[in-house]
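The values are calculated or read from the model by the stated rules, or taken from the named source; none is laboratory data. None of these values were measured; they are calculated from a predicted model. Virtual Cβ from ideal backbone geometry, glycine too; neighbours counted across all protein chains shown.
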Amino acid sequence: MIKTLYVNGCSWTEGYLLEEQEEVIDYASNLGYEFIPGLKQVKKFNQPVSFPPFEVYNNFNWAGHVAKNLGIDNIVNQAEGGGSNARILRTTVDYVRSLSQQEKQETLVVIGWTLTDRSELYLDDKQGAARWAFFNGAQSFKSIVPEDCYEESFYNRISDFWNNYVIDVHSTYACMYNFFQQSELLANFLENQGIQYYFFNSFPVFWGIHDVDQSKHQELRILSENYNNNYSVFPTTFTFAEFVGEDQSMKLSDGHPNSLAYRLWACYITEHMKTKGIA
């Protein structure tokens, strides 16, 4: 019997910006929460608490609706807005390693993979700041990592390194290839641990495919077919972002999904999960 739904992903799994909706504000208020307008900050009974407030978000995001659809009471949501597939793999493996054998048998893992050009680096400025940091080919280091995270000269050197990385190292092909490696590694790890799982893509894997030559394109297509045919996944040919599409009734102000989109997507993937004998 599944007792815990574990989910991981990016902002499209987290529930980012759901507090724009009145129903979410009202629900949060009843739990003692107050969102600080324009900031990723929230209080509970007037005391600052960690963001995001999953106690609120999980009632409206796809994770909450999947849990309701499958009759699962407990949700562990480790999604992070802007996070990478590398982060998803790392944190999911760490979580599973913390479980007892009994807990593994009672856990369902559902992953919403994110944009393939996102990554992360473990950065240690040797001045007391050592942590995993976002490192994305499409976003400058300074635009996604706050200055106060690291010592100034170290921070500037990493920013310079990012410039060189984008010019000389970053590869669309490598990003896509890494996704299939990461996802298959996680699938095989979970199968080895005896854990039920299900994967879908929040965004198309093949965004930017025009930058990849024909032979590499064909190689990636073969990897995609193997992934779709051999693992417990929703096919890469259709994604959450494509499900939402241009339907404004399913979008928040910045294009993130709203509670309606999450509920409909949860129903969509739950039905597919059942066809594969999951949960």
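Only one of the listed residues (Leu190, Leu185) is surrounded by fewer than 13 Cβ atoms within 10 Å (Cβ to Cβ), part of a helix (DSSP H, G or I), within 19 Å of the chain's Cα centre (by Cα) and not acidic (Asp, Glu). That residue is Leu185.
When Pro204 is tested against the conditions (1) farther than 18 Å from Tyr177 by Cβ; (2) assigned to a loop (DSSP other than H, G, I, E, B), the lone failure is (1). The set of residues from the range 163-182 being among the hydrophobic types (A, V, I, L, M, F, W, C) and not in a loop (DSSP other than H, G, I, E, B) comprises Val166, Ile167, Ala174, Cys175, Met176, Phe179, Phe180.
Restricting the first member to the range 83-104 and to residues that are touching a residue at least 12 places away in the same chain (Cβ under 8 Å), and the second to residues that are assigned to a helix (DSSP H, G or I) and among the aliphatic types (A, V, I, L, M), the beta-carbon pairs closer than 8 Å and six or more apart or on different chains are Ile88/Leu186; Leu89/Leu185; Leu89/Leu186; Thr92/Leu186; Val93/Leu186; Val96/Leu190; Lys104/Val96. Applying the criterion of being part of a strand (DSSP E or B) and among the acidic types (Asp, Glu) to the residues of the range 120-151, the residue that is farthest from the chain's Cα centre (by Cα) is Asp124. The sole residue among Asp160, Asp117 that is among the charged types (D, E, K, R), in a loop (DSSP other than H, G, I, E, B) and either crowded, with 17+ Cβ neighbours inside 10 Å or at negative phi (or both) is Asp117. The set of residues in the range 30-54 that are under 22 Å from Ala67 (Cα atoms), under 21 Å from the mean Cα position of the chain (by Cα) and free of Cβ contacts under 8 Å to residues at least 12 places away in the same chain contains only Phe51.
The numbered conditions (1) crowded, with 19+ Cβ neighbours inside 10 Å; (2) over 29 Å from Gln21 (Cα atoms) are all true for Gln214 except (1). Restricting attention to the range 237-262, the residues that are within 30 Å of Gln21 (Cβ to Cβ) and either at pLDDT below 95 or outside any helix (DSSP H, G or I) (or both) total 13. A Cβ distance below 7 Å, combined with a sequence gap of six or more or placement on separate chains, defines the contacts here; from the range 177-192, residues that are in contact (Cβ under 8 Å) with a residue 24 or more places away in the chain and more than 21 Å from Val212 (Cα to Cα) reach no residue that is of a type in the set (Asp, Glu) and part of a helix (DSSP H, G or I). Assess whether Asn201 counts as being surrounded by 14 or more Cβ atoms within 10 Å (Cβ to Cβ), polar (S, T, N, Q) and outside the structural domain of Ala63 (by TED's automatic domain parsing). Against the criterion (surrounded by 14 or more Cβ atoms within 10 Å (Cβ to Cβ), polar (S, T, N, Q) and outside the structural domain of Ala63 (by TED's automatic domain parsing)), Asn201 does not qualify. When Asp148 is tested against (1) in contact with a Gly (Cβ under 8 Å, 6 or more places away or on another chain); (2) not assigned by TED's automatic domain parsing to the domain that holds Ser183, just one condition goes unmet, and that condition is (1).
Those strands (runs of 3 or more DSSP E) of the range 12-114 in which 2 or more residues are surrounded by fewer than 16 Cβ atoms within 10 Å (Cβ to Cβ) occupy 47-49, 74-77.
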